[in-house]
Amino acid sequence: MAKTSTTTQGLRAAIERSGYYPALVAEAVEAAVGGEPIRSYLVHQETTFDQNEVRRHVTVLVLTDHRFIVSHTDEQAADNTSPTPYATTSTESVKLGRISSIVVSRVVANPESYTPGTLPREIVLTIGWGAVSRIDLEPAACGDPNCEADHGYTGNSTADDLSLRVSEAGDGPETVRQALAFAQALSEATADQTR
């Protein structure tokens, strides 16, 4: 899909609907996208509770013809480094060829009566491109319950650069639909890179 005013306006409208510093978020995203055509996007705003404070966070995902762009914006309360509240915005641009995994986990109610096309109750979208890896280690053991030898460690490494949970109850059905559409567009774009 070529970048059209409709796509650009849709992204801008979604950022404004999030209600989370829209001018700041839009400027950061538009600077990262540059003049590239936008194929798909997802805007996800979440609220968390940190002791006595409410914190907001917005993630914007944008797919262009050649890149996957991730933008995160967080707000911070006044602290030792700043006498006033502030926000931090970061963007990361990843070449599509670097994306190594896209995992879409769907949660559906009453799976025995599931009808194809029914919207999941929630999805978790996990995207890996090798920037962040998590290693889980545990002591290795053999099958002998009386063995006292040191068998070293065993474990696994997981690429876990981005994990985003979207639910119908918390974010609304349209956000779940858009997250699924974005995941499909990203999967198709990365498949095109391997052909």
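The values are calculated or read from the model by the stated rules, or taken from the named source; none is laboratory data. This is a predicted model, so every value here is computed, not measured. Here Cβ is always computed from backbone atoms with ideal geometry, including for glycine, and neighbour counts include all displayed protein chains. What goes into the accessible areas is simple: the full protein's heavy atoms, side chains included, and nothing from ligands, DNA or RNA. Shrake-Rupley method; radii C 1.70, N 1.55, O 1.52, S 1.80 Å.
Summing +1 for each Lys or Arg and -1 for each Asp or Glu, what net charge is found among the other residues whose Cβ lies under 14 Å from the Cβ of E16?
Numbers: positive: R12, R17; negative: E27, E30.
My count for the surroundings of E16 gives 0.
Evaluate the relative contact order of region 6-156 (contact order divided by residue number), counting alpha-carbon pairs under 8 angstrom at least 6 apart; express in whole percent.
Details: 230 pairs, mean separation 20.8, N = 151.
Once normalised by length, the contact order is 14 percent.
Ignoring ligands, DNA and RNA, please state the percent of accessible area on region 1-128 from carbon and sulfur, probe 1.4 Å. Numbers along the way, then the final one.
Working: 3610 of 7140 Å².
The nonpolar share, carbon plus sulfur, comes to 51 percent.
Enter the angle in degrees (range 0 to 90, nearest 10) between the Cα long axis of helix 173-193 and the first principal axis of the Cα atoms of the chain, meaning the one along which they spread out most.
Value to nearest ten degrees: 70.
List every residue whose amide H lies under 5 Å from the amide H of S101, counting only residues 5 or more places away in sequence or on a different chain, with H placed 1.01 Å from N in the peptide plane.
Correct list: G128.
If amide H atoms are built 1.01 Å from N in the plane of the peptide, which residues on other chains or at least 5 residues away come under 5 Å of the amide H of S40?
L63
If you plug each phi of region 107-120 into the Karplus form 6.51 cos²θ - 1.76 cosθ + 1.60 with θ = phi - 60°, what whole-Hz ³J(HN,Hα) values come out, in order, with x for Gly and Pro?
Listing the rounded values in order: 10, 10, 7, 6, x, 5, 10, 5, 10, x, x, 5, 5, x Hz.
In degrees between 0 and 90, to the nearest 10, how far off the longest principal axis of the chain does helix 5-18 point, with axes built from Cα atoms?
That helix lies at roughly 70 degrees to the long axis.
For the chain, give the magnitude of the charge dipole about the Cα centre (Cβ charges: +1 Lys/Arg, -1 Asp/Glu; no others), in debye to the nearest 20.
Values: 15 positive and 26 negative charges, 185 e Å.
Its charge dipole is roughly 900 debye.
Just to check I understand the Karplus step: with θ = phi - 60° and J = 6.51 cos²θ - 1.76 cosθ + 1.60, what whole-Hz values come out for region 70-79, glycine and proline as x?
10, 10, 10, 10, 10, 9, 10, 6, 4, 8
Could you report the chain's accessible area per residue, 1.4 Å probe, as an integer in Å²? Walk me through the numbers on the way to the answer.
Working: 11580 Å² over 195 residues.
Normalised by residue count, the accessible surface of the chain is 59 Å².
Set the Förster distance to 30 Å, then compute FRET efficiency between N52 and A13 from the Cβ-Cβ distance, nearest 0.05. Intermediate results must be reported in sequence, preceding the final value.
Working: r = 33 Å, r/R0 = 1.11.
Given R0 = 30 Å and the Cβ-Cβ separation, E is 0.35.
By average Cβ neighbour count within 10 Å, what is the ranking of 59-70, 173-184 from highest down? Intermediate results must be reported in sequence, preceding the final value.
On the way: 59-70: 20.7, 173-184: 17.7.
In descending order of packing, they fall as 59-70, 173-184.
Place the peptides 79-90, 100-111, 10-21 in order of packing, highest mean first, counting for every residue the other Cβ atoms within 10 Å and averaging per peptide. Display every interim value, and only then the final one.
Details: 79-90: 10.2, 100-111: 13.0, 10-21: 17.2.
So the peptides 79-90, 100-111, 10-21, ranked by packing, come out 10-21, 100-111, 79-90.
In sequence order, what are the phi-derived ³J(HN,Hα) couplings for region 24-38 according to the Karplus relation 6.51 cos²θ - 1.76 cosθ + 1.60 with θ = phi - 60°, rounded to whole Hz, with x for glycine and proline?
5, 5, 4, 4, 5, 5, 4, 5, 5, 5, x, x, 5, x, 9
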